[in-house]
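**Student:** The following block contains the structure, expressed as structure tokens.
The values are calculated or read from the model by the stated rules, or taken from the named source; none is laboratory data. All of these numbers come straight from a predicted model, not from anything done at the bench. Methodologically, a virtual Cβ is constructed for each residue, glycine included, from the backbone with ideal geometry; neighbour enumeration extends over all protein chains shown.
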Amino acid sequence: MIKSGFITIIGRPNVGKSTLLNSIMGEKLSIVSCKPQTTRNSIQTILTKDDFQLIFVDTPGIHKPKHKLGNYMVKVAESSVKDVDLILFLITPDVEAGKGDRYILEQLKKENIPVFLVVNKIDENPQEKVAETLKNYSEIFDFAEIIPISALKQKNVKELVELMVKYMPEGPKYYPDDMITDKQEKFVVGEIIREKALRLLSKEVPHGIAVDILSMKKNSNGLYNIEATILCEKESHKGIIIGKKGAMLKKISTYAREDIEKFLDSKVYLEVWVKVKKEWRDSDRLLKELGYK
């Protein structure tokens, strides 16, 4: 028997949930962008060592939904706090708890599960602000542990992992030693392409896009041939994604291919198209096809 269990990372959009998960894993498995609400599915990620196995659920940020995709994201986030062994409640040094954080904490009070307060981005804020934040949050919720970190700079991340292991029950290895995510490779490849689009495109476009992996085949030489479509909601968005003489689409594809090759540990030939699917975020059929149902 080893120490093993399930951990969910929860918090408002853009507090660094995916960055923390990637920092813990040392792998780029969860989409990271400066834009909020980039994570749409809960990605189960597995960290296995000789004496423990931690299974992480990275969730979409809890926010007020504006369409069916938004409703799905919030349901995923709220359901992720059920049946886990530990909850990481991630915030940034905002001093006072806002409405969004208070709402999440009220939900967590209903669960009989230990909750860590993890204050991220301490490298970007003065110590006084961090200390005031810790004090104010500890007055409104009885946290099992309070840990200030910088996920980006890896500050206190190792200590956080050690604390998490301490709170895990004894149990089996739920997954094989070499398995780091329960998602199919196609899903991760699609997320990598979407991340590059989120990083490179203008503000009005990103949340209206999705990526559909049409084909992913490996030939006898070990080369992956991948065909993908970026879906957007407006003709004007299609023009922005493609860019002048195809420059933007080429940029997205080039950056995506570099990360996909690292993830697959193989050479990749990537071909990406752009299609308009009006109001796809409110289409039950398309949401199901894209894996959001």
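**Student:** Scan the stretch 234-247 and give yes if some residue there is more than 13 Å from Lys196 (Cβ to Cβ), exposed (fewer than 13 other Cβ atoms within 10 Å of the Cβ) and touching a residue at least 40 places away in the same chain (Cβ under 8 Å), otherwise no.
**Tutor:** Scanning the stretch 234-247 turns up at least one residue that is more than 13 Å from Lys196 (Cβ to Cβ), exposed (fewer than 13 other Cβ atoms within 10 Å of the Cβ) and touching a residue at least 40 places away in the same chain (Cβ under 8 Å).
**Student:** Here's a follow-up. Just the residues that are touching a Leu at 6+ places or on another chain (Cβ under 7 Å), crowded, with 17+ Cβ neighbours inside 10 Å, among the hydrophobic types (A, V, I, L, M, F, W, C) and not in a loop (DSSP other than H, G, I, E, B), please, taken from the stretch 114-145.
**Tutor:** Val115, Phe116, Val118, Val119
**Student:** Kindly indicate whether any position in the stretch 183-197 is within 16 Å of the chain's Cα centre (by Cα), more than 28 Å from Ile55 (Cα to Cα), part of a helix (DSSP H, G or I) and at pLDDT below 90.
**Tutor:** yes
**Student:** Moving to a separate point now. What do you reckon, is Lys158 modelled with pLDDT of 90 or more, surrounded by fewer than 20 Cβ atoms within 10 Å (Cβ to Cβ) and either assigned by TED's automatic domain parsing to the domain that holds Gly16 or not in a loop (DSSP other than H, G, I, E, B) (or both)?
**Tutor:** It is true that Lys158 is modelled with pLDDT of 90 or more, surrounded by fewer than 20 Cβ atoms within 10 Å (Cβ to Cβ) and either assigned by TED's automatic domain parsing to the domain that holds Gly16 or not in a loop (DSSP other than H, G, I, E, B) (or both).
**Student:** Does Asp177 fit the bill of being assigned to a strand (DSSP E or B) and either over 19 Å from Ile24 (Cβ atoms) or in contact with a strand residue (DSSP E or B) (Cβ under 8 Å, 6 or more places away or on another chain) (or both)?
**Tutor:** For Asp177, the condition - assigned to a strand (DSSP E or B) and either over 19 Å from Ile24 (Cβ atoms) or in contact with a strand residue (DSSP E or B) (Cβ under 8 Å, 6 or more places away or on another chain) (or both) - is not met.
**Student:** Hey, does the stretch 86-103 have a residue that's at pLDDT 85 or above and small (Gly, Ala, Ser)?
**Tutor:** We begin by selecting, within the stretch 86-103, every residue at pLDDT 85 or above; these are 86-93.
Okay, now just the ones that are also small (Gly, Ala, Ser), so none.
Checking the stretch 86-103: not a single residue is at pLDDT 85 or above and small (Gly, Ala, Ser).
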